[in-house]
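Here the structure comes first, spelled out in structure tokens, and everything after it is commentary.
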Amino acid sequence: MNMMCLFVPAPGVSEEPDDSDVAEERAKIRMGNPDILRKTNDLLLSDVSKFYGSFQAVDQLCVGVKRGECFGLLGVNGAGKTSTFKMLTGDEKISGGEAYVNGLSLKTHMKQAHQIIGYCPQFDALIDNLTGKETLQMYCLLRGIPNSEIPQIINKLADDLLFTKHIDKKVMAYSGGNKRKLSTAVALVGDPPVVYLDEPTTGMDVVAKRHLWNVICQVRDSGKCIVLTSHRFKCLGSPQHLKSKFAEGYTLTIKVNNNSDTDIQAVKEFVRTSLQDAMLREEREGLMTYYIANTTLTWSKMFGMMEEAKTRLSIEDYSLGQTSLEQVRYTFLLLVP
Ligand SMILES: Nc1ncnc2c1ncn2[C@@H]1O[C@H](COP(=O)(O)OP(=O)(O)O)[C@@H](O)[C@H]1O
Ligand SMILES: [Mg+2]
């Protein structure tokens, strides 16, 4: 999965030991040719800051996201992720810096940019008295989609995001997870080239999350640019990029197909022989969580081993994560298609 992740430090605590990605991205954008950067990035943030009064919520954020790329903004609560999205949608003013969507400056062309942007806000902005279908119909009409195409679009979104059976229920009857699915569907109505998803998986169960990743992959592969956030992040990432983030041991979670005993034993045997330092922390219905304290294992080596194991063993998917910095908690989840 072609996804980059950027850890956004909260302003004032910017000296995180591993926020080199932020510095790297910043250097790339500050030193690049502005014209070329605007042309080559569907979304470009150049030193974007947000002040609420004298309080700084976003500190000179530099991000470039290209077509067909999925970008994860990581950060603890209060790091400024939602504020960033609000500036990118025009809900909040940009206090400093410049932002461009498809080369359009958001400071001067927000109205045009709205036609290109799909947005799933962190807190569902849904109308309680509408059904899921009516909600999507409304957004289809707002997006100028011809009436004849609307039913098919709604069915596909509901299908992809697994809420077809709730489609005729009123939003007020939706669970938190189903509201997130509907809000994500709203963001995707009309195939906008740039999609922001702010904590889209909150309240979703594991199956729904997995489906959401599939949908995100499809959207990305159709040439769109996606930015999503999480305070407890799960992302599909390139091994090289994530390697630096896993210097202090791993949490490995493996989901075994069909929860079969023989298969579980085979996977355990693999872990025992290949990852001697692994400690089984939790096991439940074919889902095993290991803690691996070995810090000499590189991310790419772990990834390679798991990929190899996946071809031989009944592994449905697996995830690798880390919980090292005391106030930060994030997990990179690899659901390898
Ligand atoms: N409208 C607002 N007025 C004042 N402060 C705000 C406002 N919105 C957010 N903040 C503050 O800005 C910081 C960043 O918040 P937010 O963007 O929601 O972060 P995140 O989405 O990463 O959790 C927090 O300290 C929050 O309290
Ligand atoms: Mg937020």
Could you please let me know if GLU307 is at pLDDT 85 or above, in a helix (DSSP H, G or I) and either closer than 20 Å to VAL206 by Cβ or among the acidic types (Asp, Glu) (or both)?
no
Among the residues that make up region 98-105, is at least one of them crowded, with 22+ Cβ neighbours inside 10 Å and either over 30 Å from TYR139 (Cα atoms) or touching a Phe, Trp or Tyr at 6+ places or on another chain (Cβ under 7 Å) (or both)?
no
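Just to be sure before I move on: is GLU69 without any contact (Cβ under 8 Å) to a residue 60 or more places away in the chain and in the same structural domain as ARG26 (by TED's automatic domain parsing) in the structure I sent?
On the way: without any contact (Cβ under 8 Å) to a residue 60 or more places away in the chain: no; in the same structural domain as ARG26 (by TED's automatic domain parsing): yes.
Against the criterion (without any contact (Cβ under 8 Å) to a residue 60 or more places away in the chain and in the same structural domain as ARG26 (by TED's automatic domain parsing)), GLU69 does not qualify.
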Quick check on region 120-144: of everything there that is surrounded by 17 or more Cβ atoms within 10 Å (Cβ to Cβ) and among the β-branched types (Val, Ile, Thr), which residue is nearest to ligand 2 (Cβ to nearest atom)?
THR135
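Report, by residue number, each residue of region 67-111 that is among the β-branched types (Val, Ile, Thr) and farther than 18 Å from VAL22 by Cβ. Reasoning before the result, please.
In the first step, residues of region 67-111 are kept if they are among the β-branched types (Val, Ile, Thr); the result is 76, 82, 84, 89, 94, 101, 108.
Within region 67-111, THR89, ILE94, VAL101, THR108 qualify.
Just name the residue that is modelled with the highest pLDDT out of those in region 172-184 that are in contact with an Asp or Glu (Cβ under 8 Å, 6 or more places away or on another chain) and small (Gly, Ala, Ser). Give the derivation first.
We begin by selecting, within region 172-184, every residue in contact with an Asp or Glu (Cβ under 8 Å, 6 or more places away or on another chain); these are 172, 177, 179-180, 182-183.
Next, from what is left, pick out any that are small (Gly, Ala, Ser): 177, 183.
Working: GLY177: 92, SER183: 96.
Looking at the filtered set, the residue picked out is SER183.
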Of everything in region 180-208 that's more than 16 Å from ligand 2 (Cβ to nearest atom), touching a residue at least 40 places away in the same chain (Cβ under 8 Å) and in a helix (DSSP H, G or I), which residue is nearest to ASP317 (Cα to Cα)?
VAL207
Looking at ILE153, is it aliphatic (A, V, I, L, M), under 17 Å from ALA187 (Cβ atoms), exposed (fewer than 15 other Cβ atoms within 10 Å of the Cβ) and assigned by TED's automatic domain parsing to the domain that holds LYS224?
no
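Can LYS170 be described as charged (D, E, K, R), more than 21 Å from ARG210 (Cα to Cα) and surrounded by 14 or more Cβ atoms within 10 Å (Cβ to Cβ)? Spell out the reasoning first.
Details: charged (D, E, K, R): yes; more than 21 Å from ARG210 (Cα to Cα): yes; surrounded by 14 or more Cβ atoms within 10 Å (Cβ to Cβ): yes.
When the stated conditions are applied, LYS170 passes them.
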Flag if VAL48 is more than 16 Å from ligand 1 (Cβ to nearest atom), assigned by TED's automatic domain parsing to the domain that holds VAL215 and crowded, with 16+ Cβ neighbours inside 10 Å:
no
Condition first: at negative phi, of a type outside the set (S, T, N, Q) and in a loop (DSSP other than H, G, I, E, B). Can you find one or more residues in region 51-66 that meet it?
yes
From the residues in region 263-303 that are free of Cβ contacts under 8 Å to residues at least 24 places away in the same chain and farther than 24 Å from VAL206 by Cα, which one is surrounded by the fewest Cβ atoms within 10 Å (Cβ to Cβ)?
THR296
Just need a number here: residues in region 68-97 that are in a strand (DSSP E or B), modelled with pLDDT of 95 or more and either of a type in the set (S, T, N, Q) or crowded, with 23+ Cβ neighbours inside 10 Å (or both).
0
So which residues in region 57-89 are more than 13 Å from ligand 2 (Cβ to nearest atom), within 21 Å of ALA27 (Cβ to Cβ) and of a type outside the set (Phe, Trp, Tyr), if there are any at all?
ASP59, GLN60, LEU61, CYS62, VAL63, GLY64, VAL65, LYS66, GLU69, GLY72
Of the residues in region 105-163, those that are in a loop (DSSP other than H, G, I, E, B), among the small types (Gly, Ala, Ser) and under 22 Å from MET204 (Cα atoms) come to ALA125
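The values are calculated or read from the model by the stated rules, or taken from the named source; none is laboratory data. Predicted model, so just to flag it, every value in this text is computed and none were measured. Neighbour counts run over all protein chains shown; Cβ positions are idealised from the backbone, glycine included.
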